[in-house]
Amino acid sequence: MDLVIKNGTLVTPGQTLQRDIGIEGGKIVKVAQTIPAGARSIDASNKLILPGIIDAHTHMETPVKGVTSSDDFSTGTRAATAGGVTTIIDFTIQARGQSLREAIEARRKQADGRVYIDYALHCNLTDFQVNYLEEIPEIIASGIPSFKVFMAYRNEGIMVSNEDLKMLLEATAKYGGIVQIHAESGFLLDYLVEEASQKGNTSPVFHAKTRPNYVEEEAVVRAISLAGEAGGSLYLVHLSTKESVDAVRWGKKRGVKLFAETCPQYLVLDKALYEGSDGRYYITSPPLRGAKDREALWQGIKEGIIGVVGTDHCPFARTQKDSGKDIFFKTPNGLPGVETLLPIMYSEGVVKRGLSPNLLVELLAYNPARIFGLYPRKGAIEEGSDADLVIFNPERELKIQANELHMNTDFSPYEGLTIKGVPEITISRGEIIYERGNFPASPGRGKFIPATPTH
Ligand SMILES: [Zn+2]
């Protein structure tokens, strides 16, 4: 065998087992109690072996409010390897009048030849004037079964109407696809921002105050109602409130085909950060919330109401955030996160809140792979799966500092947070791509992974 990982503790959704893993030709070919040494062997005694992490929500080199997120597909996916992430799912960017197919081709051109890890794409749909319904079957067949729409951003002209959302749900359902929703009510939001602006309330605190919980709730409930009627599958990105968890619980009880995601920032950080002198650096949408919301989100994870934790990775350098200084609606929204996803979720979830490592693996690998049609190639430690693995040291402690991280930004919202548990070795298709601070891989080795429609 090309590579054998010996004496590790395998963590899968269902089980924790002592097993050796044999890898050949980039695939896991054997999982057994003992496998003889291979061409190369790694001793993983006292380490956890996790499936490679899938960050189902990233925005590399994405334009936001006149600037571009500071990680491109090269720097962002290199940093990802240090965090145990072996697959990202990023988004296409549709220009006005552009067909969905053209938007996909343009995004593939940005990523191919530069990515360090494998990637898939969600198809972002922002121009409802084009004949998007006609394109859907072909796009799903080409390996992109998920379509993302915004219920916010009416003034920017990219908000989905109720009619378009219903038609999109019906069309994707027919071909096994899924619709992703950014659930903030564009109607309420634009009005609240306008009102605050007229009163001169433009400091970062008002970013959160103009996006109160009911702005998210109204959109979440409306999306669930429409999905219940249209019969399609719905994936709600970056949920941040208790009200959303309650709404998803209600929707699932009704039998709506519903999947919910939250992000580490909503599980760990507090909206009080907007009051500090560097409040603008924490501006992201939806905004950070309070303790009651965080408790509800963790509870939702434990109940299986929230099935995925992605990052919404959309980093900016401090100087880029400064461009909107003291005017919250001019500040580009977004936070870095792809590199810290696994260590923060292990430390805050498993160590501090008693989540099982098995549930962690569901949230960060198995569920995103299943929902977005990458399973069993990705998200699993099974014979025949891609050999995407993380060798994880559950005992090592680390203090998070932006200048020690590898994402292309000088800011981390988790600065100074001590975490327990860090990835030591990351393997993608049998190749060691990160090893204790070293990056042996080359850009461009990552591949586009076509997803299978599974809904
Ligand atoms: Zn996003």
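The values are calculated or read from the model by the stated rules, or taken from the named source; none is laboratory data. Note that the coordinates shown come from a computational prediction; the quantities given were computed from them, not determined experimentally. FYI the Cβ positions are ideal-geometry reconstructions off the backbone, even for glycines, and counts take in every protein chain you see. The area values use the complete protein model at the heavy-atom level, side chains included, leaving out ligands, DNA and RNA. Shrake-Rupley method; radii C 1.70, N 1.55, O 1.52, S 1.80 Å.
Calculated mean residue ellipticity, 222 nm, the chain: -8000 deg cm²/dmol, from DSSP H runs (n ≥ 4) at -39500 (n - 2.57) each, averaged per residue and rounded to 500. Mean silhouette area of the range 207-256, derived from the convex hull of its C-alpha atoms and averaged over all directions, reads 3.3 nm². Per residue, the range 323-377 exposes an accessible area of 30 Å² to a 1.4 Å probe, with every protein chain left in place.
Considering only protein heavy atoms, what per residue accessible area in square angstrom results for the range 57-129 with a 1.4 angstrom probe? Mind dumping the intermediate values first?
Values: 2170 Å² over 73 residues.
Dividing the accessible area of the range 57-129 by its residue count gives 30 Å².
Remark: relative contact order (the chain) = 23 percent; criterion is Cα-Cα distance under 8 angstrom and separation of 6 or more residues. A simple spin-label model places the labels of residue 187 and residue 170 2.1 nm from each other, with each point 7 Å out along Cα-to-Cβ.
Give the percent of DSSP beta bridges with both residues in the chain that are antiparallel, rounded to the nearest 5. Can you show the working numbers first?
Working: 32 of 66 bridges.
Restricted to the chain, the bridges split so that about 50 percent are antiparallel.
Between the listed residues 197, 247, 232, the Cα displaced farthest toward the positive end of the dipole of the range 195-279, a dipole computed from Cβ unit charges relative to the Cα centre, is found at 232.
The Cα center of the range 372-411 and the Cα center of the range 317-364 differ in position by 14 Å.
If you take every residue apart from residue 25 with its C-beta less than 13 Å away from the C-beta of residue 25, what net charge results, scoring Lys and Arg +1 and Asp and Glu -1? Here the charged neighbours net out to -2. Rounded to the nearest 20, the size of the Cβ-charge dipole of the chain about its Cα centre is 540 debye, with Lys and Arg at +1 and Asp and Glu at -1.
On the accessible surface of the range 398-455, probed at 1.4 Å, how many percent belong to carbon and sulfur atoms?
Of all accessible area on the range 398-455, carbon and sulfur atoms account for 44 percent.
Computed packing ranks the peptides 375-381, 185-191 as 375-381, 185-191, most packed first, by mean other Cβ atoms within 10 Å. Counting protein heavy atoms only, the range 186-285 has 51 percent of its accessible area on carbon and sulfur, 1.4 angstrom probe.
If I stretch the segment between residue 96 and residue 410 completely, what's the gain in nm (0.36 nm per residue apart, minus their alpha carbon distance), one decimal? Intermediate results must be reported in sequence, preceding the final value.
Details: separation 314, 0.36 × 314 = 113.04 nm, distance 3.25 nm.
Taking 0.36 nm per residue and subtracting the Cα distance, the gain is 109.8 nm.
Highest average first, the peptides 393-404, 198-209 ordered by how many other beta carbon atoms sit within 10 Å of their residues are 198-209, 393-404.
When the listed pairs 109/330; 166/242; 148/257; 27/148 are checked against a 21 Å cut-off, the alpha-carbon distance exceeds it for 109/330; 166/242; 27/148. Can you return the lysines within cross-link range of residue 30? Criterion is Cα-Cα under 27 Å, with same-chain partners fewer than 8 residues away left out. Here the lysines satisfying the reach criterion relative to residue 30 are 6, 47, 378, 447.
Expressed as a whole percent, the accessible area of the range 1-104 that falls on carbon and sulfur atoms is 49 (1.4 Å probe).
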